[in-house]
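Student: Questions regarding the structure given below will be posed in turn.
The values are calculated or read from the model by the stated rules, or taken from the named source; none is laboratory data. Not measured: the values here are computed from a predicted model. Here the Cβ positions follow ideal geometry from the backbone for every residue, glycine too, while neighbour counts run over all protein chains shown.
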Amino acid sequence: MFRMSTISWRVGQLAAQKGWSTRRLAQAAGLDEKTVRNIVAGRATRVDLDTIARLSSTLDVTPGALWTSEPDPAHAWLATAGAAGQAQSGELEEILTGGQPGVFDTSLERATRPL
Amino acid sequence: MSRCYLDTNFLYAHLRSKPASTPDPIETWRRSVLAAVASDGGVISALVLDELAYRLILAWLRDDGVEDPLSRYRAEPQMTMRTVARRLTATWRAVESLSLELCPTDQAAVARAQALMAKPGLSPRDAFHAAHALVATCSLIASTDSAFERVRGLSCLAP
């Protein structure tokens, strides 16, 4: 099932595993230190393929390992608002006043259902 | 830490209303609950799923123009379930995507519910909801039901 995710860089974590500073990583990869610093800080949103190739090669991981993705609850809540249709006029107002549209006590409904 | 148990009426309102650009009472409630859930996650129980399905089935029958949904449901339960099957499947997927914690109905939850029925005298359904919330270490319950205010250790996050 598709879920909205938050994608974030793992470059800082991978560099730390090697005991490297941002400067050391930039030097080893032949990249501008500011570029690497922005990636590690999560500020970089547009990174070219050459930079990605250099980072993955230098860190000895596949390009995909440079990121991690986690489910984003905020996106999920936004996406599911109204997922069961739009309430009819007065339907939600009854909920707000503590009532329920129609017969909603499922235990009562079941307990009083004709045999 | 303030974990939040989501009562059925909150999830029902969420699933039956698109986000409003101008905050109405439902939208304001949704935002306050989501702020609570964002930090420590949301908790539900099988009771919530049971009630949610039942309420939505009746709502969908009304959407389809059935004047007396409960009578229709009782008279033709299998036909009704076939009619709403796709919508119910889509709803389960929506709820699943929220990554809510499902508190199990175990012996601890049952014992807690029994105690809450005796004191402060909650109705059986309310007692089971409150019991699940407490067992799951929730201090908040998103609900319009004021009965939960009588439960020590629970605060109601109402509209």
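Student: Going through segment B:20-51 one residue at a time, which ones are part of a helix (DSSP H, G or I), more than 9 Å from chain A (Cβ to nearest Cβ) and surrounded by fewer than 18 Cβ atoms within 10 Å (Cβ to Cβ)?
Tutor: B:Thr28, B:Arg31, B:Ser32, B:Ala35, B:Ser39, B:Asp40, B:Ala46, B:Leu49
Student: Give the number of residues within segment A:22-47 that are modelled with pLDDT of 85 or more, more than 12 Å from A:Trp67 (Cα to Cα) and surrounded by 14 or more Cβ atoms within 10 Å (Cβ to Cβ).
Tutor: 14
Student: Among B:Ala90, B:Ala113, B:Ala118, B:Ala108, which is the only one that is more than 29 Å from B:Asp40 (Cα to Cα), over 15 Å from the mean Cα position of the chain (by Cα) and of a type in the set (A, V, I, L, M)?
Tutor: None of the other options fit; the residue is B:Ala118.
Student: Same structure, new question: Taking the options A:Thr51, A:Thr22, A:Thr35, A:Thr45, name whichever one is in contact with a Lys or Arg (Cβ under 9 Å, 6 or more places away or on another chain) and among the β-branched types (Val, Ile, Thr).
Tutor: That would be A:Thr22, the only listed residue that is in contact with a Lys or Arg (Cβ under 9 Å, 6 or more places away or on another chain) and among the β-branched types (Val, Ile, Thr).
Student: In addition: Here's a check for you: in segment B:111-159, which residue that is of a type in the set (Val, Ile, Thr) and surrounded by 15 or more Cβ atoms within 10 Å (Cβ to Cβ) is nearest to the other protein chains (Cβ to nearest Cβ)?
Tutor: Within segment B:111-159, the match that is nearest to the other protein chains (Cβ to nearest Cβ) is B:Thr144.
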